[in-house]
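Below: the structure, in structure tokens.
The values are calculated or read from the model by the stated rules, or taken from the named source; none is laboratory data. Not measured: the values here are computed from a predicted model. Cβ: placed from backbone, ideal geometry, glycine included. Neighbour counts: every protein chain shown.
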Amino acid sequence: MASKAKGKSSSAKKKANSSQYGAILLKNQLKEINKNPIDGFSVGLTEEDNIYQWSILMEGPPDTLYDGGYFPCTLVFPKEYPNKPPIMHFKTPGFWHPNVYPDGKVCISILHEAKEDEFNTEEKMSEKWRPILGIEAILVSVQSMLSEPNFSSPANIEASVECQKKPDQYKKRIRKLVRLSQDSL
């Protein structure tokens with residue numbers, strides 16, 4: 001009986017150490033990003049005492065439809081970070097992109113847990129989340145996604161269809177989104 005209790009205590013300690021490691025890693029990454037900012041991003045904490053919730057302001061990538069826009073986002077890290085990926089949401093109402101769900105959640109391979117997905121067999125494990133990846137890799141990948149949507153695995157089917165079949169209508173919608181993002185600053 002005593003060995004069972006000891007085993008549980010050891011397991012709880014490992015979880016606590018893992019959680020502490022993730023928090024330390026996030027603090028260090030935030031410090032590094034603030035010391036050496038990533039072009040096109042402003043990064044901070046949503047709440048001063050919660051290292052697991054970040055606020056991001058992303059500039060639309062130059063020479064894309066999103067150019068000139070300022071898009072607030074959140075990056076929420078699980079307690080198991082870096083073993084599990086964060087979740088990113090665009091907070092701009094009505095954000096429109098084939099790889100962003102209608103609720104703003106970003107759907108990109110780098111934010112998917114590294115396990116087989118029976119619904120998306122084309123997604124390679126090498127493209128999915130790995131603990132070695134940093135915040136900069138996530139942000140740059142999401143910015144790249146804005147200019148090069150993945151049509152083979154859309155999160156927003158309507159946006160995907162509109163972008164491919166009615167590009168003029170899609171461009172008009174994105175120009176309006178960019179104007180709204182500028183007005184909300």
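Against the definition (modelled with pLDDT under 95, outside any helix (DSSP H, G or I) and of a type outside the set (Ser, Thr, Tyr)), how does Ala137 come out, yes or no?
So Ala137 does not fit the description; no.
Select from region 96-108 the residues that are buried (at least 22 other Cβ atoms within 10 Å of the Cβ) and in contact with a His (Cβ under 9 Å, 6 or more places away or on another chain) and list them in ascending order.
Within region 96-108, Val100, Val106 meet the criteria.
Of a type in the set (A, V, I, L, M), crowded, with 16+ Cβ neighbours inside 10 Å, under 22 Å from the mean Cα position of the chain (by Cα) and in a loop (DSSP other than H, G, I, E, B), is that true of Ala155?
Taking the combined requirement at face value, the residue satisfies it.
Which of (1) modelled with pLDDT under 95; (2) crowded, with 17+ Cβ neighbours inside 10 Å; (3) outside any loop (DSSP other than H, G, I, E, B) is the odd one out, the single condition Trp129 does not satisfy?
(3)
Does Leu57 satisfy being under 30 Å from Val178 (Cβ atoms), among the hydrophobic types (A, V, I, L, M, F, W, C), assigned to a helix (DSSP H, G or I) and modelled with pLDDT of 95 or more?
no
Checking the conditions here, which among Thr64, Thr46 is of a type in the set (S, T, N, Q), surrounded by 15 or more Cβ atoms within 10 Å (Cβ to Cβ) and modelled with pLDDT of 95 or more?
When all the criteria are applied, what remains is Thr64.
Are any residues in region 42-86 touching a helix residue (DSSP H, G or I) at 6+ places or on another chain (Cβ under 7 Å) and within 14 Å of Ser147 (Cβ to Cβ), and if so, which ones?
Passing the criteria: Met58, Gly60, Pro61, Thr64, Leu65, Tyr66, Gly68, Gly69, Phe71.
Tell me yes or no: at least one residue of region 167-183 is modelled with pLDDT under 95 and buried (at least 19 other Cβ atoms within 10 Å of the Cβ).
There is no residue in region 167-183 that is modelled with pLDDT under 95 and buried (at least 19 other Cβ atoms within 10 Å of the Cβ).
Since Lys84 meets every condition but one in (1) crowded, with 20+ Cβ neighbours inside 10 Å; (2) within 13 Å of the chain's Cα centre (by Cα); (3) at pLDDT below 95; (4) of a type outside the set (Gly, Ala, Ser), which condition does it not meet?
(1)
Tell me yes or no: at least one residue of region 94-105 is in a strand (DSSP E or B), aliphatic (A, V, I, L, M) and modelled with pLDDT of 80 or more.
Checked against the condition, which is being in a strand (DSSP E or B), aliphatic (A, V, I, L, M) and modelled with pLDDT of 80 or more, region 94-105 yields at least one hit.
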